[in-house]
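To start, the structure under review is shown below, and the notes come after it.
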Amino acid sequence: IVEIGPEENRLLNASSFDIGPEGRFVVSDAPNGRERVQIFESNGTRVGGFYLPGRVKPKFTYDGVVLTGVGSLQFTGQSILMNQPELGGLVTEFSINGHPFRTFGVLRRTGQESDRDVHLALNSGLPLVDPQGGYYFVFQSGIPIFRKYDKFGTLLFERHIEGPELDPVVATIPTVWPKRTGKTGRELPLIPPTIQAATVDPRGNLWI
């Protein structure tokens, strides 16, 4: 229902997608190396969109593939939630016109604060709307952790995700990350995701 291309009303190099409560959907893509978010009606008609500042940056590597762009977004129908740790918080809420009107969630301590790229990558994750109220945030790399926030963005609790199934994964999480030289000549760390997907069901249960 949406054609391929860099123009408005089309999509190129899409990285994330979400459907709002009334059937409209949001897709992030990156034509010409710039991150873009577009909103569509259920029939594919474009409602609006905006570009994010700066150029698209690598975030993770998975099975040898470098993953770039907006890692996830949540569409409430009235606003869009994205993880943009470079703006100073875990979750940034944008209007449908692209205005960032609030940021919440203190970045977690990583021990890598001296290396900004690594520190931000270890604070990348999945913001999720809880239909019962508030929000979850699931850290996507490093030690598997999630947080719960109320509707005002106040932290309610933080939990480590533990268990015998995860012990081998946690034991192999690196503490040093190799870097590669990107197209711009800048060295960037290659950080594998620990968490690949997460969602919240209608009863407010978090699935990871």
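The values are calculated or read from the model by the stated rules, or taken from the named source; none is laboratory data. Bear in mind the structure is a predicted one, so any value in this text is a computation, not a measurement. As a convention, Cβ positions derive from the backbone with ideal geometry for all residues, glycine included, and neighbour counts pool all protein chains shown. Heads up: the accessible areas ignore ligands, DNA and RNA and are worked out on the full protein's heavy atoms, side chains in. Shrake-Rupley method; radii C 1.70, N 1.55, O 1.52, S 1.80 Å.
Can you tell me the length gained on complete extension of the stretch ASP115 to HIS99, counting 0.36 nm per residue apart and subtracting the Cα distance?
Contour length minus Cα-Cα distance gives 2.9 nm.
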Neighbourhood charge, 10 Å Cβ-Cβ cut-off, centred on ASN9 and excluding it, Lys, Arg +1 and Asp, Glu -1: -1
Electrostatic dipole magnitude of region 71-129 [Cβ: Lys, Arg +1; Asp, Glu -1; Cα centre; debye, to 20]: 160 debye
Distant-in-sequence amide H partners of GLY48 (H built 1.01 Å from N, under 5 Å): ILE39
In Å², nearest 10: area of ARG34 left accessible to a 1.4 Å probe: 100 Å²
Stretch gain in nm, segment LEU87-PHE152, where the contour uses 0.36 nm per residue and the Cα spacing is subtracted: 21.6 nm
Selected from PHE50, PHE137, PHE152 as most flexible by GNM, with the chain as the system and alpha-carbon contacts under 10 Å: PHE152
Within the accessible area of the chain (1.4 Å probe), percent carbon and sulfur: 52 percent
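Find the percent of Cα-Cα distances in the chain that exceed 27 Å, and round it to a whole number. Walk me through the intermediate numbers first.
Details: 6724 of 21528 pairs.
Counting every Cα pair in the chain, those more than 27 Å apart make up 31 percent.
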Ranking by accessible area, most exposed first, for ILE4, ILE191, ILE19, ILE161 with a 1.4 Å probe: ILE4, ILE19, ILE161, ILE191
Enclosed volume per residue, in Å³, of the convex hull spanned by Cα atoms of region 79-124: 57 Å³
Other-chain or far-sequence residues with amide H under 5 Å of SER16's (modelled H): SER28
Region 24-29 - phi-based ³J(HN,Hα) in whole Hz, Karplus 6.51/-1.76/1.60, Gly and Pro as x: 5, 9, 10, 10, 9, 9
Relative contact order for the chain, counting Cα pairs under 8 Å that sit 6 or more residues apart, in percent: 13 percent
Charge dipole magnitude, Cβ of K and R +1, D and E -1 - the chain, Cα centre, debye nearest 20: 480 debye
Within region 133-154, backbone nitrogen closer than 14 Å to the virtual label 7 Å beyond the Cα of ILE173 toward Cβ: 138-147
With DNA, RNA and ligands ignored, accessible area of LEU156 (1.4 Å probe; Å², nearest 10): 100 Å²
